[in-house]
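Encoded as structure tokens, the structure appears first; notes follow it.
The values are calculated or read from the model by the stated rules, or taken from the named source; none is laboratory data. Quick caveat: nothing in here was measured; it's all calculated off a predicted structure. A quick note on method: Cβ atoms are made from the backbone with ideal geometry, for glycine too, and the neighbour counts reach across all protein chains shown. With ligands, DNA and RNA removed, areas are computed over all heavy atoms of the protein, side chains included. Shrake-Rupley method; radii C 1.70, N 1.55, O 1.52, S 1.80 Å.
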Amino acid sequence: MASNVEAPERWYLALLGFAEHFRTSSPPKIRLCVHCLQAVFQFKPPQRIEARTHLQLGSVLYHHTKNSELARSHLEKAWFISQQLPQFEDVKFEAASILSELFCQQNLVDSAKPLLRKAIQISQQTPYWHCRLLFQLAQLHTLEKDLVSACDLLGVGAEYARVVGSEYTRALFLLSKGMLLLMERKLGEVHPLLTLCGTIVENWQGNPIQKESLRVFFLVLQVTHYLDAGQVKSVKPCLKQLQQCIQTISTLQDDEILPTNPADLFHWLPKEHMCVLVYLVTVMHSMQAGYLEKAQKYTDKALMQLEKLKMLDCSPILSTFQVILLEHIIMCRLVTGHKATALQEISQVCQLCQQSPRLFNNHAAQLHTLLGLYCISVNCMDNAEAQFTTALRLTTHQELWTYIVTNLASVYIREGNRHQELYGLLERINPDHNFPVSSHCLRAAAFYIRGLLSFFQGRYNEAKRFLRETLKMSNAEDLNRLTACSLVLLGHIFYVLGNHRESNNMVVPAMQLASKIPDMSVQLWSSALLKDLNKALGNNMDAHEAAQMHQNFSQQLLQDHIAACSLPEHNLISWTDGPPPVQIQAQNGPTTSLASLL
């Protein structure tokens with residue numbers, strides 16, 4: 001006969017074994033798993049088993065069912081009972097962690113915060129849980145856009161990690177804080193913090209994968225900082241280091257040996273997610289620099305990797321990566337003259353945003369901006385204005401706001417009769433005085449917009465001054481598209497002034513650069529100028545060749561224009577309010593689901 005002490009263990013282990021068997025079955029048999037765990041309470045178990053079973057039930061119900069109220073009830077019991085038991089940290093803090101996640105899912109953030117604060121307060125002797133709960137509360141504040149509170153918590157975490165001798169986790173806290181400071185544009189605080197992080201990362205001797213992942217985090221922050229500042233040339237050494245770093249990580253074997261310090265039990269991102277992220281920042285760089293074929297190549301690689309990952313992993317960050325990649329490739333398509341494809345990809349972003357309110361909330365302004373750019377490309381200026389105005393209403397991001405205003409100003413210039421609104425906008429993006437952001441690229445674009453306006457007003461000397469400023473800035477940072485646009489506009493000015501030689505000196509390199517990007521609109525513009533220039537200079541063969549080129553570009557753009565405007569998604573240009581439409585009414589015919597077009 002087994003003793004009374006062993007008896008509860010046997011029945012408990014048997015029920016636990018059955019529950020785990022049902023949970024891990026393929027497909028999982030969650031109802032049977034829950035029945036086995038609930039059966040534990042029939043035996044009036046000791047408090048430790050009771051608390052652990054409540055946690056297991058709460059976790060299974062939270063992760064595998066929609067019965068959030070029952071999950072909450074079990075997790076609250078686990079949290080309450082475990083607080084009364086000594087040395088029961090794992091159950092206590094896991095219950096607090098999952099319960100606060102559930103509260104957030106139910107939009108009960110004000111219940112989650114005090115719960116996490118209490119758990120943080122009583123977990124100081126348990127380094128792993130103390131750090132994990134600090135990260136969790138900081139993330140909650142970040143989602144609420146309370147970046148000051150999040151930064152404070154990450155600072156507390158960094159100091160705690162230093163005290164418990166975990167330089168690795170200290171670096172994670174500091175890098176996370178650096179990321180939020182970049183989001184807040186507190187550049188004065190970012191620079192010393194990144195310098196400190198660089199020293200910690202280089203000096204830390206530990207698991208090679210963990211060390212390289214810290215370096216990837218550090219370099220991603222540096223690269224995005226440069227790209228935010230529009231410094232496409234200056235970023236190249238950092239970007240190269242980042243690409244080498246991810247190659248190193250992909251060759252390293254995952255080390256199963258656990259760190260000796262429990263505070264080191266963290267990973268920033270899985271290796272596969274880091275690969276996608278490096279592709280993403282490479283696409284961002286290629287897009288800004290005007291290497292659009294390279295941007296296309298890396299987008300294809302990243303999206304292929306994402307599709308594989310999303311089959312096995314439902315992490316929300318993967319959808320965020322996908323949306324950002326699509327946003328960049330859509331801009332590339334509009335430049336390269338593939339408007340129909342761009343429009344279908346815009347509808348794909350709409351579909352992703354329909355699946356996640358948070359994703360839509362974070363990307364609504366970008367989505368309307370892309371629609372505004374599409375409207376410009378198909379010459380629907382009223383719709384472009386409506387889209388940009390909607391985007392301005394939805395964004396609080398200074399760089400995006402400046403980008404939208406710059407494009408809206410170009411719409412008003414083309415319309416030619418919106419002088420009051422135009423001058424109001426130009427006053428807010430004056431590159432010579434109090435420019436609203438530190439972005440080199442956006443400031444160069446603001447000079448170009450001034451040059452474009454002066455050209456349309458016939459103030460050619462003033463236009464040349466603005467465009468030379470754009471050229472100087474775009475050459476300094478390899479901003480190829482701005483360089484091409486400025487050259488062709490300068491060429492046009494010299495042509496109008498009758499200075500054909502000087503015009504030719506501008507238009508020929510503009511055409512070469514536009515072909516390299518490739519930028520279809522600048523190629524069309526350049527070929528028209530080259531045709532007229534060569535005719536004026538008496539170069540009939542060259543004039544004929546340029547005329548042929550111009551006709552080819554015109555045909556391609558016209559065919560693409562007709563294809564785009566005949567798509568049912570073209571009706572998205574009228575959407576300016578609320579969530580993205582689920583279905584789009586076809587121009588001539590029945591309602592067409594977005595899903596059938598993807």
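If you place +1 on the Cβ of every Lys and Arg, -1 on the Cβ of every Asp and Glu, and leave all else neutral, what size is the dipole of the chain about its Cα centre, to the nearest 20 Debye?
Dipole magnitude for the chain comes out near 180 debye.
From the convex hull of the Cα coordinates of the range 19-111, what is the mean projected area in square nanometres?
The number I arrive at for the range 19-111 is 6.1 nm².
Kyte-Doolittle cut-off 0.5, length cut-off 15 Å along the helix's own axis using Cα: show which whole DSSP H helices in the chain pass.
Those that clear 15 Å and a mean of 0.5 are 147-163, 167-183, 187-203, 271-289, 316-336, 440-456, 480-496.
Counting only heavy atoms of the protein chains, get the accessible area per residue of the range 19-111 (1.4 Å probe) and round it to a whole Å² value.
Spelled out: the 1.4 Å probe surface of the range 19-111, per residue, equals 54 Å².
Tell me, what is the FRET efficiency for Glu20 and Glu427 to the nearest 0.05, using R0 = 56 angstrom and their Cβ-Cβ distance as r?
Using R0 = 56 Å, I get an efficiency of 0.25.
Lys pairs in the range 19-111, Cα-Cα under 20 Å, at least 8 apart or on separate chains: how many?
4
At 1.4 Å probe size, with the rest of the protein present, what percent of the exposed accessible area of the chain is carbon and sulfur atoms?
Carbon and sulfur: 53 percent of the exposed surface of the chain.
When only alpha-carbon atoms count, how far does the chain stretch along each of its three principal axes, as whole angstroms with the largest first?
Cα spread of the chain along its principal axes, largest to smallest: 112, 60, 46 Å.
Just need the Rg to Rh number for the range 372-515, please, alpha carbons only, Kirkwood Rh.
0.97
Taking R0 as 25 Å, what FRET efficiency do you get between Met381 and Asn552 from their Cβ-Cβ distance, rounded to the nearest 0.05?
0.45
Would you report the distance distribution of C-alpha pairs in the range 253-375 as whole percents per 5 angstrom bin, up to the bin with the largest distance?
2, 10, 19, 19, 19, 12, 7, 5, 4, 2, 1, 0
Over 10 Å intervals from 0, what percent of Cα-Cα pairs in the range 449-536 sits in each interval?
Going from the shortest bin to the longest, the percentages are 20, 53, 27, 1.
How many nm separate the modelled label positions at Arg468 and Trp268, each set 7 Å beyond the Cα in the direction of the Cβ?
Going from the Arg468 label point to the Trp268 one covers 4.5 nm.
Which aspartates and glutamates have a Cα less than 17 Å from the Cα of Lys339, not counting those fewer than 8 places away in the same chain?
Of all the aspartates and glutamates, those that pass the test against Lys339 - Cα under 17 Å, at least 8 places apart if same chain - are Glu293, Glu327, Asp519, Asp560, Glu569.
Indicate the gyration tensor shape class of the range 191-302 (rounded, prolate or oblate), computed on the Cα atoms with a ≥ b ≥ c the square roots of the eigenvalues: a/c under 1.5 is rounded; otherwise a/b larger than b/c is prolate and the rest oblate.
Cα axes put the range 191-302 in the oblate bin.
Putting +1 on Lys and Arg Cβ atoms and -1 on Asp and Glu Cβ atoms, find which of Pro192, Leu306, Thr341 reaches farthest to the positive end of the dipole of the chain.
Toward the positive end, the furthest listed residue is Pro192.
Please give the charge dipole size of the range 179-234, origin at the Cα centre, charges +1 on K and R Cβ atoms and -1 on D and E Cβ atoms. Round to the nearest 20 debye.
Its charge dipole is roughly 80 debye.
Considering the options Asn107, Phe41, Leu57, tell which one lies farthest towards the positive end of the dipole of the range 19-111, charges being +1 on Lys and Arg and -1 on Asp and Glu at the Cβ, about the Cα centre.
The residue sitting most towards the positive pole is Phe41.
What is the magnitude of the charge dipole of the range 19-111 about its Cα centre, with +1 placed on the Cβ of each Lys and Arg, -1 on the Cβ of each Asp and Glu, and no other charges, expressed in debye to the nearest 20?
Its charge dipole is roughly 380 debye.
What FRET efficiency, computed as 1/(1 + (r/R0)^6) with R0 = 41 Å and r the Cβ-Cβ distance, is obtained for Glu159 and Ser73, rounded to the nearest 0.05?
Given R0 = 41 Å and the Cβ-Cβ separation, E is 0.65.
What number comes out for the charge environment of Glu462, summing +1 per Lys or Arg and -1 per Asp or Glu over other residues with Cβ under 13 Å away?
+3
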